[in-house]
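The values are calculated or read from the model by the stated rules, or taken from the named source; none is laboratory data. This is a predicted model, so every value here is computed, not measured. Don't worry about glycine lacking a Cβ; one is built from the backbone with ideal geometry, like all the others, and counts go over all protein chains shown. Remember, those area values only see protein heavy atoms, side chains included, never the ligands or the DNA or RNA. Shrake-Rupley method; radii C 1.70, N 1.55, O 1.52, S 1.80 Å.
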Amino acid sequence: MKIPLADPACQYRELKGAVDAAVQQCLESGAYILGQETEAFEAEFAAFLGAGQTVGVASGTDALTLSLKALGIGPGDEVITTPFTYFATAQSILAAGARPVFCDIEEETMGLDPSQIESRVTSRTRAILPVHLYGRLCRIGEIGKIARRQGLALVEDACQAAGAGRGGKRAGTFGDCGCFSFFPTKNLSCAGDGGAVCTDDPETALRLKALRAQGSGAAGRTVWERDGKSFSPPKDAAEKYIHYLLGTNSRLDALQAAILRQKLPCLPRWNRERRSMAGRYAAGLAGTGLELPPMPEGEEAVFHLYTVRCRDRGQITAQLRKREIGYGIYYPLPLHLQPALAFLGYREGDFPKAERASRQVLSLPLYPGLGPEAQNTVIEAVKAAVR
Ligand SMILES: *Cc1c(COP(=O)(O)O)cnc(C)c1O
């Protein structure tokens, strides 16, 4: 029995009737870009998160880039982030025109180490961009305090953490902007690329809506910077084809929104299922010598990935390959050592915890619908490898 690492069609199979009907209705409506479906999803997703508003965009990467731009961050600015994340986190900072400044992780949450952040702050620092990796909250409370103390913006990369939370507060709602991806393997996924930003600030939401639509519709009180001067676009900026700003084309399609609206009500149950599967792995893999992800008390982790740490990863991956069990390594090379980012000037040894994590992490299959039998097969394979 082949066991994949993830099963993107699984959510669709469960909701096939409802999703098919919603897609067909959308196709027949002729409204394919933004419109009612997208607005309805934006409102429902905001209610789910407990956020003021959400703005649908074309991907998680764009959610990050446009958040930074909407907060006025660009050329000459620095953004502190983690080197142990998906490439998009740092690339989005560069796409906004700013410079990523890395800071090492702490091992419990695999996220930014709050005790190291302030030593990276310079006169150019404008924001902190932490990541909730694998569906676990990073130390967002402490990081938020540092951001406030230093007068920095806080943009959360919650692409792997839709629905995660602590004390009734959800990932993405701790900072100025929370960024989500609906890539097909994410906990809440569409049938292609999609993303969203949540924010409590109506001004930021207005700027995001202008940025995703070629800078149009930007009229109102919203203050922008251009050539070092502040200005508010005049009334005629609300008219079509009058552009006072440079934005981009990054909208959440109505079809994707229609699919997401069907799936969103199931997300809490899917996340609970992920947590219970994580518990099953924790029990089954106890005593193997692997370092298992913590099951934090009082926190709703959503286990986007179930990631263990092992000394001899090759031994386990060879066994998994032999038995046709999928696995993943997120991520094999920390961002400060990525060839495309060599110009930033970092070296091996700069972030020892991130470097060690990238040598040790191994993600095992986990998705709603995986089933206990398949989980047992995975557990057996790992046990056979470490014996
Ligand atoms: C998936 C992901 C992104 C990017 O999302 P896309 O929708 O693929 O652009 C960014 N950051 C993290 C941590 C992710 O997992």
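Some points to look at:
- As a summary of the residue check, Glu203 satisfies the conditions (1) closer than 17 Å to Gly74 by Cα; (2) surrounded by fewer than 16 Cβ atoms within 10 Å (Cβ to Cβ) except for the one numbered (1).
- Any chance Val19 is open to solvent by less than 30 Å² (accessible area, probe 1.4 Å) and closer than 17 Å to Arg212 by Cβ: no
- The residue that is farthest from Arg120 (Cα to Cα), counting only those in the stretch 341-387 that are of a type in the set (Gly, Ala, Ser) and without any contact (Cβ under 8 Å) to a residue 40 or more places away in the chain, is Gly371.
- Scanning the stretch 55-69 for residues that are farther than 19 Å from Val131 by Cβ and open to solvent by less than 10 Å² (accessible area, probe 1.4 Å) gives Val55, Gly56.
- Residue match in the stretch 192-202 (condition: assigned to a helix (DSSP H, G or I), away from the ligand (no atom under 16 Å from the Cβ) and modelled with pLDDT under 95): yes
- Residue in the stretch 145-154 that is buried (at least 19 other Cβ atoms within 10 Å of the Cβ) and under 17 Å from the mean Cα position of the chain (by Cα) present: yes
- Of all residues in the stretch 237-249, those that are more than 18 Å from Gly72 (Cβ to Cβ) and either in contact with a helix residue (DSSP H, G or I) (Cβ under 7 Å, 6 or more places away or on another chain) or in a loop (DSSP other than H, G, I, E, B) (or both) total 5.
- Filter result for Ala354 (in a helix (DSSP H, G or I), more than 20 Å from Gly135 (Cβ to Cβ) and in contact with a helix residue (DSSP H, G or I) (Cβ under 9 Å, 6 or more places away or on another chain)): no
- Looking across the stretch 8-48, just one residue is outside any helix (DSSP H, G or I) and at pLDDT 95 or above, and that is Leu15.
- Leu246 meets all of the listed conditions (1) surrounded by 20 or more Cβ atoms within 10 Å (Cβ to Cβ); (2) in contact with a Gly (Cβ under 6 Å, 6 or more places away or on another chain) but one, namely (1).
- Restricting Gly178, Gly172 to residues that are surrounded by 24 or more Cβ atoms within 10 Å (Cβ to Cβ), within 12 Å of the chain's Cα centre (by Cα), assigned to a loop (DSSP other than H, G, I, E, B) and within 14 Å of the ligand (Cβ to nearest atom) narrows the list to Gly172.
- When the criteria are applied in full, Gly50 fails the requirement of being of a type outside the set (Phe, Trp, Tyr), within 23 Å of the chain's Cα centre (by Cα) and crowded, with 20+ Cβ neighbours inside 10 Å.
- So Glu225, is it more than 28 Å from Thr307 (Cβ to Cβ) and in a strand (DSSP E or B): yes
- Every listed requirement among (1) in contact (Cβ under 8 Å) with a residue 40 or more places away in the chain; (2) of a type outside the set (Phe, Trp, Tyr); (3) within 16 Å of the ligand (Cβ to nearest atom) is met by Ala40 save one, (3).
- Residues being buried (at least 19 other Cβ atoms within 10 Å of the Cβ) and over 30 Å from Arg269 (Cβ atoms) - total across the stretch 356-387: 3
- Strands (runs of 3 or more DSSP E) fully within the stretch 49-150 counting 3 or more residues that are within 16 Å of the ligand (Cβ to nearest atom), without any contact (Cβ under 8 Å) to a residue 60 or more places away in the chain and touching a Cys at 6+ places or on another chain (Cβ under 6 Å): none
- Of the criteria (1) more than 30 Å from Ala147 (Cβ to Cβ); (2) open to solvent by 30 Å² or more (accessible area, probe 1.4 Å); (3) among the charged types (D, E, K, R), which one Lys263 fails: (2)
- Among the residues examined, Leu320 does not qualify as within 16 Å of the ligand (Cβ to nearest atom), hydrophobic (A, V, I, L, M, F, W, C) and either touching a Gly at 6+ places or on another chain (Cβ under 9 Å) or open to solvent by less than 10 Å² (accessible area, probe 1.4 Å) (or both).
- A Cβ distance below 8 Å, combined with a sequence gap of six or more or placement on separate chains, defines the contacts here; from the stretch 258-278, residues that are of a type in the set (Ser, Thr, Tyr) reach no residue that is modelled with pLDDT under 95.
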